[in-house]
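Participant: I have a structure here, written as structure tokens, and I will follow up with some questions on it.
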Amino acid sequence: MTTHYDHAQVQEFWQYVWERDDVYALPADATDPTYVLGMFPYTSGTLHMGHVRNYAITDAYARYRRMQGDDVLHPMGWDAFGLPAENAAYERASDPESWTQACIRRMREELETMGFGYDWSREITTCDPSYYRWNQWLFKRLYEAGLVEYEGATVNWCPDCETVLAAAQVEEREASAGASGDAPSREPKRSETSSQVTTDRVCWRCETPVDRRELDQWFFSITDYAEELHEGLDDLEGWPDGVREIQRNWIGRQEGAKITFETADHGSVDVFSTRPETIYGATSLVVSPGHDLARTLADDSEAVADYIDAVREQDPDEVGFSGVETDATAIHPLTGAELPVYVAGYVLDDVGTGAVMGVPGHNERDHEFALEHDVPIERVIEPTDGDGTGDLPYTGDGTLTASGEYDGTASEAARERLVADHGALEEDVTYRLRDWLISRQRYWGTPIPVVHCDDCGHVLVPDEELPVELPEFVRTTGNPLEEHDSFRETTCPDCGGPARRETDTMDTFVDSSWYYLRFLSPDLEDAPFDTELADEWLPIDVYVGGDEHAILHLLYTRFFTRALADLGLLDRREPIEELRSQGTVLYDGEKMSSSKGNVVAPQEYGAETTRLFVLSAAHPEQDFEWTANNVRGAYDLQQTLYGMATAFVDEGDTRVERRSHDEYVAREIDRTIAAVTEEYERFRFHRAATEIRELARLLRRYRGYDRPHGELYRRGLLALAAMISPMAPHLGEECWNKLRGDGLVVEADWPEPERDVADYRRERRLVETTLADVRDIVDTAAIDEPERIELVVAQEWKYEVARLLGERLDDATDSVETASVVDRVLEAELAVDLESRADAEAEAEVDRETIAAFAAELAERDGHQDLEHGLTARTELAILNRSTWLVTDEFDADVTVRRGAEDDELGEKARPGKPAIHIS
């Protein structure tokens, strides 16, 4: 029989067996399964290494939990709607449906080839009418609950994708293009009136610069949940801090004050300020082009109207600090002074109230605007420490000046007093978060279930007429649904008159905001999901994906879950217990990408090698470089494990009687099981692989040193097969089968230690450091062939001193000197205790001076570190006796281990955890 692992042949066989036995199906009687989920893939056509890494993580953990005895829900589906499929159909003279289904077939085959263990009976596809019917049903429920708005707005428009974009789908990048026709500049653009770097706002998908347009659009009212979404972040202890911070910044909660300014002829205008203490420095009132006051003033002012028309569809960076002064004036609420009113594009419609009090002395943007429009600049806060004196704008805290009765008041105190003293100021909170724009002017998405009737307005399609299905694809520019007369023209459900069907489709992030719920009951026909199962099985125990989805997907999912809870469809308001972000696979320092031409196909190295490498290369959250040398290490580990199992079965040269060194190997097997278990629990698969590799190396060495104990050696090989199987399931199954393990390893129990290995790390460290010390002495003394090696363990009293000293130092403050700590050890009458129970055969009586000297030495040498070894002289002696075969095997020398005595030189040198060594 060959000892070479043929992964292709093995994979095909075991995949057949797993499918035949339906090993990944969730049992029908499961009550609260462990829900493990990877962010489902977009149907791009082929798997890439980002997919493989994501799904290798979820698959390894799902397999591990299953072996731990859990019922595991581990489903897969397809994020199948979206513009790329529509574009691909154009390029191939096909249609999005055909292209998407072909991609799904290809990607599913690749996932199966990789050995990912999914319950395929729960497969969902978001472009299937049986799925997007429930998108439409949920849209209706949100509409009825007042969480859907249809309104005109200035929106982000991608001219390449020919659709609007939600705020989260616009990326800001440092501008690099020069004037039209110029070569791109390496320097960011800067404002002509300032040194501020400007940015380009580009489409998240195609990186085309984004325009602005006025359109009637559909929005989900995510802002209704801004405060709850913000507060809920503190409770997501199982989420990475980075993801929570991204969401926290995007929600952008700000505390401050709402300040009311009265105008001479146009009512009141509210502004929001995080620094109400600067109010005495307000020298203007500035409103956005979309503000109600701006629109009112435009009716009577051609200049205002022209300005609004000019900036309406401009990017904010193009608008800069342009503006127009109006004929209106505002009354300062504290001084009564008349302030000029401006309309300016740097004030955004959807930020705060769409109006600001211009405080150019203490706000950078107001300062830029004031310089450009000759607005007065007043300084009303002075720095308390003198820094920044004379600099404008001054944006720090300080002491108020030129502020009437508040002169001399510190900034923070002034904020509280101003709000308390004046009715025009009121405590308020604002958010950066905007409502979620879900309209897309594209074909390949969920049709919005609304018809527009001239008599009845917006009318929802009745539930019994859902789903509103997509018609046959029409090749055209723009939105194909606009060109599809039979789809667009319909009748009003309310009055029966002619009506026009909504031709916008939903943002594909609607599909992914609740798909995790559909996996619970994918065939349910009368509801989007089983609410009883949802209440019982949620939240998702472990969710894995890239942190680039912190806003586009994860924030939307948290919103959707809360909205469904308020609709009475869920009990839980947070969908995910533990979130794991996976890092990027790099090639030559760059992210693997088809556009960069640096993609390595998963099948190029085989499923096992690829899976094992992406899991063992680094912590799941870290980026790592794909290199052939490192891939070779994963390949070699497979061959090693397979070869060991095969050789054991073929050769069978073992013994029955136990020998002293068998106990060391037995304990190492247990230590490795404990260590690998801990690493799987913490998703540190790279460390689990290292532990497995080290045990395999030890077992090979054990077999080479002596005929192995048959039962013990087989147990070690079975443990290796079981522990590697979550990462390399075909290999684990093949080795398990060769070793005649019970049943399938995928259904086997996770191995358990047979003895207490609570101190396995200390025991292992003792052996490893002792071996390292022996090697160091041999190398330093240039001993070519050592004949005898003596290891001497410290006297028992030294371990007691180290233990007590460690406890005292841990309790001491930094100000407590070492000598004081030593005194406290001695005050415990340690010397008396030791003298009364000294081992007469091994140790002489120990006096107080000897103990004091030794304690002082330890404290000076080790400080607070490593004084509590947790071992006694007896246990250290036993550990070293069990491991002497390793020294003998490496140096071919006689090895002895003994306890040190007080009257011998080696006994004097020995320390707890650091035996004295003599080599001759």
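Participant: Please work out if Asp270 is modelled with pLDDT under 95 and either under 24 Å from Val170 (Cβ atoms) or not in a helix (DSSP H, G or I) (or both).
Facilitator: So Asp270 does not fit the description; no.
Participant: Criterion first (surrounded by fewer than 20 Cβ atoms within 10 Å (Cβ to Cβ) and not assigned by TED's automatic domain parsing to the domain that holds Gly445) does Ala25 satisfy it?
Facilitator: yes
Participant: Then there's this: Which residues, taken from the stretch 523-545, are exposed (fewer than 15 other Cβ atoms within 10 Å of the Cβ) and within 18 Å of Thr584 (Cβ to Cβ)?
Facilitator: Matches in the stretch 523-545: none.
Participant: Quick one: would you say Val656 is more than 30 Å from Asp547 (Cα to Cα), of a type in the set (A, V, I, L, M) and modelled with pLDDT under 95?
Facilitator: yes
Participant: Considering (1) more than 26 Å from Ile246 (Cβ to Cβ); (2) surrounded by fewer than 18 Cβ atoms within 10 Å (Cβ to Cβ); (3) of a type outside the set (Lys, Arg), say which one Glu548 fails and leave the rest.
Facilitator: All conditions are met except number (1).
Participant: Testing Ala303 on (1) out of contact with any helix residue (DSSP H, G or I) (no Cβ under 7 Å at 6 or more places or on another chain); (2) assigned to a loop (DSSP other than H, G, I, E, B), one condition comes back false. Which one is that?
Facilitator: (2)
Participant: How many residues does the stretch 768-819 hold that are among the hydroxyl-bearing types (Ser, Thr, Tyr), modelled with pLDDT of 75 or more and surrounded by fewer than 21 Cβ atoms within 10 Å (Cβ to Cβ)?
Facilitator: Qualifying residue count for the region: 2.
Participant: Pairs needed: first member in the stretch 635-649, on the phi > 0 side of the Ramachandran plot; second member anywhere, crowded, with 18+ Cβ neighbours inside 10 Å and of a type in the set (S, T, N, Q); C-beta distance under 8 Å; at least 6 residues apart or different chains.
Facilitator: Going by the 8 Å Cβ cut-off, there are no qualifying pairs.
Participant: Okay, moving on. Looking at the stretch 201-239 only, could you name the residues that are at pLDDT 95 or above and over 15 Å from Tyr556 (Cα atoms)?
Facilitator: Hits for the stretch 201-239 are Trp218, Glu231, Asp234, Asp235, Leu236, Glu237, Gly238, Trp239.
Participant: Within the stretch 630-660, which residues are part of a helix (DSSP H, G or I) and of a type in the set (Val, Ile, Thr)?
Facilitator: Val631, Thr640, Thr646, Val649
Participant: Among (1) within 40 Å of the chain's Cα centre (by Cα); (2) touching a residue at least 12 places away in the same chain (Cβ under 8 Å), which single condition is Arg659 missing?
Facilitator: (1)
Participant: Out of everything in the stretch 279-296 that is in a loop (DSSP other than H, G, I, E, B) and crowded, with 24+ Cβ neighbours inside 10 Å, what residue ends up being nearest to the chain's Cα centre (by Cα)?
Facilitator: Out of the qualifying residues, it is Ser288.
Participant: Restricting to the stretch 788-806, name every residue that is touching a residue at least 60 places away in the same chain (Cβ under 8 Å) and either out of contact with any Ser or Thr (no Cβ under 6 Å at 6 or more places or on another chain) or among the small types (Gly, Ala, Ser) (or both).
Facilitator: Ile789, Leu791, Val792, Val793, Ala794, Gln795, Glu796, Lys798, Ala802, Arg803, Leu805, Gly806 - these are the residues of the stretch 788-806 that are touching a residue at least 60 places away in the same chain (Cβ under 8 Å) and either out of contact with any Ser or Thr (no Cβ under 6 Å at 6 or more places or on another chain) or among the small types (Gly, Ala, Ser) (or both).
Participant: Still on this structure: Looking at the stretch 241-260, can you tell me whether even one residue there is at pLDDT 95 or above, over 39 Å from the mean Cα position of the chain (by Cα) and either of a type outside the set (S, T, N, Q) or not in a helix (DSSP H, G or I) (or both)?
Facilitator: There is at least one residue in the stretch 241-260 that is at pLDDT 95 or above, over 39 Å from the mean Cα position of the chain (by Cα) and either of a type outside the set (S, T, N, Q) or not in a helix (DSSP H, G or I) (or both).
Participant: Among the candidates Arg432, Arg500, which residue alone is more than 20 Å from Trp78 (Cα to Cα) and part of a loop (DSSP other than H, G, I, E, B)?
Facilitator: Arg432
Participant: Residues that are assigned by TED's automatic domain parsing to the domain that holds Arg693, within 30 Å of Arg762 (Cα to Cα) and exposed (fewer than 15 other Cβ atoms within 10 Å of the Cβ): does the stretch 666-675 have at least one?
Facilitator: No - not one qualifying residue is present in the stretch 666-675.
Participant: Could I ask something else about it? Which ranges mark the helices (runs of 4 or more DSSP H) fully within the stretch 676-738 that have 1 or more residues being among the small types (Gly, Ala, Ser), more than 28 Å from the chain's Cα centre (by Cα) and surrounded by fewer than 24 Cβ atoms within 10 Å (Cβ to Cβ)?
Facilitator: 685-705, 710-724
Participant: For Thr561, indicate whether it is in the same structural domain as Leu720 (by TED's automatic domain parsing), in a helix (DSSP H, G or I) and crowded, with 17+ Cβ neighbours inside 10 Å.
Facilitator: no
Participant: Considering the stretch 264-278 alone, what residues qualify as being out of contact with any helix residue (DSSP H, G or I) (no Cβ under 7 Å at 6 or more places or on another chain) and surrounded by 20 or more Cβ atoms within 10 Å (Cβ to Cβ)?
Facilitator: Val271, Phe272, Ser273, Thr278
Participant: Please tell me if Val343 is assigned by TED's automatic domain parsing to the domain that holds Thr283, under 39 Å from the mean Cα position of the chain (by Cα) and either farther than 26 Å from Gly390 by Cα or acidic (Asp, Glu) (or both).
Facilitator: The answer is no for Val343.
Participant: Right, here's the next one. Of the residues that make up the stretch 597-607, is at least one assigned to a strand (DSSP E or B), over 28 Å from Glu681 (Cβ atoms), over 19 Å from the mean Cα position of the chain (by Cα) and without any contact (Cβ under 8 Å) to a residue 24 or more places away in the chain?
Facilitator: no
Participant: A follow-up question, please. What number of residues within the stretch 53-88 are assigned to a helix (DSSP H, G or I), under 30 Å from Leu586 (Cα atoms) and of a type outside the set (Asp, Glu)?
Facilitator: 17
The values are calculated or read from the model by the stated rules, or taken from the named source; none is laboratory data. Computed from a predicted structure; not experimentally measured. In this analysis, Cβ positions are derived from the backbone assuming ideal geometry, glycine residues included, and neighbour counts consider all displayed protein chains.
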